[in-house]
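Novice: Can you read through this structure? Questions will come right after.
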Amino acid sequence: MPHAIVEFSPLNEIGISEAELLDAVFDGMQASGLFGTEDIKVRSHPASMTRNGSDNFSFIHVQLRIMPGRTVEQKADLSERVRANLCDMPGQARSTSVEVVDIDRAVYAKTVV
């Protein structure tokens, strides 16, 4: 825990690599100080087909799924660190968004083998 799910339009439209994108998210999460390095998981979900407005603009959307217990201020800092890292990259999506979602402990199940 935590899990970062990164959705994005074709990266050739944005001008970055998938590795750069995932590293920017990972580094922002790590810089927050909320998680141990070994606990951070970042996954990419390229959107092969999208429809965004009338001109189908490029986007990056990051959902950060974390266990509850963080303050609103900590969550805001986390999302801002990740967003800032994404916006500091050489290539830019027209829309970049980050959301933090608390996982419901009561219904979360996990097995590690």
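The values are calculated or read from the model by the stated rules, or taken from the named source; none is laboratory data. Just so we're clear, the structure is a prediction, and the values are computed from it rather than from any experiment. So basically every Cβ, Gly included, is an ideal-geometry build from the backbone, and we count neighbours across all protein chains shown.
Novice: Residue check: is E20 of a type outside the set (A, V, I, L, M), free of Cβ contacts under 8 Å to residues at least 24 places away in the same chain and either under 30 Å from K110 (Cβ atoms) or not in a strand (DSSP E or B) (or both)?
Specialist: It is false that E20 is of a type outside the set (A, V, I, L, M), free of Cβ contacts under 8 Å to residues at least 24 places away in the same chain and either under 30 Å from K110 (Cβ atoms) or not in a strand (DSSP E or B) (or both).
Novice: Considering only the range 17-66, state which residues are at pLDDT 95 or above, β-branched (V, I, T) and over 12 Å from the mean Cα position of the chain (by Cα).
Specialist: Answer for the range 17-66, where residues must be at pLDDT 95 or above, β-branched (V, I, T) and over 12 Å from the mean Cα position of the chain (by Cα): just T37.
Novice: Of the conditions (1) among the basic types (K, R); (2) outside any helix (DSSP H, G or I); (3) crowded, with 17+ Cβ neighbours inside 10 Å, K110 fails just one. Which one is it?
Specialist: All conditions pass for K110, except number (3).
Novice: Sort out which residues of the range 29-58 are within 25 Å of K75 (Cα to Cα), of a type in the set (S, T, Y) and either out of contact with any strand residue (DSSP E or B) (no Cβ under 8 Å at 6 or more places or on another chain) or in a loop (DSSP other than H, G, I, E, B) (or both), and write them in order of number.
Specialist: S32, T37
Novice: Pairs under 8 Å by beta carbon, first residue more than 16 Å from F35 (Cα to Cα) in the range 70-87, partner assigned to a helix (DSSP H, G or I) and acidic (D, E), six or more apart or different chains?
Specialist: Qualifying pairs under 8 Å: N85/D27.
Novice: For I40, indicate whether it is in contact (Cβ under 8 Å) with a residue 24 or more places away in the chain and closer than 22 Å to V112 by Cβ.
Specialist: So I40 fits the description; yes.
Novice: Among the residues of the range 70-102, write down those that are more than 13 Å from A24 (Cβ to Cβ), in a loop (DSSP other than H, G, I, E, B) and modelled with pLDDT under 95.
Specialist: R94, the sole residue that qualifies.
Novice: Still on this structure: Out of L34, L11, report the one residue that is surrounded by 15 or more Cβ atoms within 10 Å (Cβ to Cβ), touching an Asp or Glu at 6+ places or on another chain (Cβ under 9 Å) and over 26 Å from I103 (Cβ atoms).
Specialist: L11
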